[in-house]
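Read the figures in this text as sums done on the coordinates, not as results from a lab. This structure is a prediction, so every number in the text was calculated from the model and none was measured. Every residue, glycine among them, receives a Cβ derived from its backbone with ideal geometry; neighbour counts consider all protein chains shown.
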Number of protein chains: 2
Amino acid sequence: MEINKETISEWLKNLQDAICLSLENADGGSKFEEENWIRKEGGGGRTRIIKEGNIIEKGGVLFSAVSGDTPDFLFKESAHSASPQPSPEEREFSIRPQFFATGVSIVIHPKNPMVPIIHMNIRYFEMDGGVKWLGGGIDLTPHYIFDDDAIFFHSQLKNLCDKHHKDYYSKFKKWADDYFYISHRKETRGIGGIFFDRLNTEGNMNFEKNFAFWQDVGKAFAPTYTELITRNKHKSFTEKNKDWQLLRRGRYVEFNLIYDKGTKFGLETNGRVESILMSLPKTAGWEYDFKPEKNSEEEMTLSLLKKDIDWI
Amino acid sequence: MEINKETISEWLKNLQDAICLSLENADGGSKFEEENWIRKEGGGGRTRIIKEGNIIEKGGVLFSAVSGDTPDFLFKESAHSASPQPSPEEREFSIRPQFFATGVSIVIHPKNPMVPIIHMNIRYFEMDGGVKWLGGGIDLTPHYIFDDDAIFFHSQLKNLCDKHHKDYYSKFKKWADDYFYISHRKETRGIGGIFFDRLNTEGNMNFEKNFAFWQDVGKAFAPTYTELITRNKHKSFTEKNKDWQLLRRGRYVEFNLIYDKGTKFGLETNGRVESILMSLPKTAGWEYDFKPEKNSEEEMTLSLLKKDIDWI
């Protein structure tokens, strides 16, 4: 199959279908509801939201494919790369190169605090003049960190990375540690995962190879997360566990609203607010200067929200 | 009394005391707890937090007075004003003008959704070379907007403004509408109030007069808010009202984490995180694409979250 924007977005739609089906089966109680939306300037999306399930309290699996005049900040963003810049004429007369961006984004907030929050995103961007980027990532935010699950999660990612390049896992794992970081708290959002962007400007110009890796990231999501659901869904929990879940969700909100580039990009470019902010949990909480009890599971989890832990 | 940084911060501490006392009396159930903190680079603060009261679920009344080398961004910030810029030598050898900043900041989140959230802040800033600024504001965020309360609140502010300058209320009311605005939602945070900054660079160089106005803003807080508590604390509410309160608090979180300059300033300059984020509610919520019922009180409230409403 030829790889072009049509085939890529078609593949992403099929991925969205497959992931929604897996999640519905794993949940066993609720179904996704779909909303199609159109972007005035070009393109649109297919937002799928699930709520009040047996396992999933609130989650979204979003597909979008948007296009149009390349906004200014994308030139600024790409100024350090080899991408074409608009000529003075293009700027003056607003003859702008066209861009196309498509992707799938997922955030799942479970009810049971023993089941982790997960996020996955894969995206493709192209612009007139031959610019093509692939980006993506998966990261896990357990409310309580269990070693076995952390090892399983990172091994899944390492295995898929190793099939494509021996350096990918270590490089993209570090990138995730740096990206999913809540600076003001000096905490990582969770146990990280992998993150990568502009794969084609990173010295590797083999688009087909990059694309195959990127597809594997998308395909890894469902089996990895449904396994984590199966392992933890029957665990019991207390009110105290639920209170802690609220605080961890509060941190998730802090990361997404303050640091997440996708959220910022979306809100600043007048994106569809309800789709962008589907990543926020049904409820979250903040307590002044909360300190977990000595030697509690909460304290243990906090002590592991650090960069550069070798989970495997 | 001579007005200088010592007498200003002393006055602010007394204001903090008086406000805490009024709020404890109005609450009748809980007391403030105090935490003193020291800033490594100079100065510190007195953070007072109240929680789980009869009326107040979570609130803070914060005093701080910090000093030290003026950070870079403050030069940038003041580039459009008449403030002195560092000379090349000062930049090169890091001989920096000293700054001093002091203020009181308040956010109160009540339990009962019929009682409004309130915020107040007054601040004073000075820098070597004679720069002096006064700033502040009060704004109200009712979960449900009641006309009588909105008229009372804005009349209180107009009365205090009118004592000092005939244009203050209209000017500072507009400033609050523009400042307390959640752009991506196209909603104001609440019914606004007044907001002003750099009073001394606004063409009015009479510091004593400005200071008297600024003091009146601080003094207006307690009688205004305790009246709003008295009016609404006995109103009954339902689960549906509590759910709506969660969503309104979610919007409050969005404003504070995405737009509020004080929060941004604090987090970026490595301020005391727990004091900065005391403004966040104990709990908040998000629901995908929530639409209030036709002709409901929630819809009525939403319809009034607009700029430029003449409340009086």
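A few comments on the model shown:
- Scoring B:167-175, A:150-158 by mean Cβ neighbours within 10 Å over their residues and listing the highest first yields A:150-158, B:167-175.
- Inter-chain Cβ neighbour average for residues A:248-261, partner chain, 10 Å: 3
- In order along the range B:33-43, phi translates into HN-Hα couplings of 10, 10, 9, 9, 9, 10, 8, 3, 7, x, x Hz, rounded to whole numbers, per the Karplus curve 6.51 cos²θ - 1.76 cosθ + 1.60 with θ = phi - 60° and x for Gly and Pro.
- Kirkwood Rh in Å, taken over the range B:173-312 so that all alpha-carbon pairs contribute: 17.7
- Kirkwood-based shape ratio for the protein assembly as shown, expressed as Rg/Rh from alpha carbons: 0.98
- Set of aspartates and glutamates with alpha-carbon distance to A:Lys261 below 17 Å, sequence-local pairs under 8 removed: A:Asp72, A:Glu77, A:Asp139, A:Asp177, A:Asp178, A:Asp197, A:Glu274, B:Glu254, B:Glu268
- Counting from the shortest, the label point at B:Asp128, 7 Å from Cα toward Cβ, is 5.4 nm from the same position in each remaining copy.
- Cβ crowding within 10 Å averaged over residues, with B:17-29, A:254-266 ranked highest first: A:254-266, B:17-29
- Integer Hz, Karplus 6.51/-1.76/1.60 couplings in order for the range B:243-248, x for Gly and Pro: 5, 5, 4, 4, 5, 5
- For B:182-190, mean number of other protein chain Cβ atoms within 10 Å: 2
- Residue and distance (whole Å) for the chain A Cβ nearest the axis that superposes A on B: A:Leu257, 2
- Length gained when the stretch A:Ser170-A:Lys186 is fully extended (0.36 nm per residue, less Cα-Cα span): 3.6 nm
- Between the helical axis of A:5-27 and the longest alpha-carbon principal axis of chain A there is an angle of about 10 degrees.
- Residues of type lysines that B:Lys40 reaches as a straight line, Cα spacing below 20 Å, ignoring anything fewer than 8 places off in the same chain: A:Lys186, B:Lys5, B:Lys264
- Shielding score for B:274-286, defined as the mean number of other chain Cβ atoms within 10 Å: 6
- Using 0.36 nm per residue and subtracting the Cα-Cα separation, the extra length available between A:Ile309 and A:His234 on full extension is 24.2 nm.
- Reach of A:Lys294 by Cα under 17 Å, taken over lysines that are not fewer than 8 positions away in the same chain: A:Lys240
- C-alpha long axis of helix B:147-162 to longest principal axis of chain B, angle in °: 20
- Kirkwood Rh, Cα atoms: Rg over Rh of chain B: 0.97
- Phi angles across the range B:181-196 convert, under the Karplus curve 6.51 cos²θ - 1.76 cosθ + 1.60 with θ = phi - 60°, into 3J(HN,Hα) values of 10, 9, 3, 5, 8, 6, 10, 6, 5, x, 9, x, x, 10, 8, 8 Hz, Gly and Pro given as x.
- Cα pair distances exceeding 13 angstrom across the range A:93-145, given as percent: 68
- Top positive-direction residue, dipole computed over chain B with Cβ charges, set B:Leu199, B:Gly53, B:Phe180: B:Gly53
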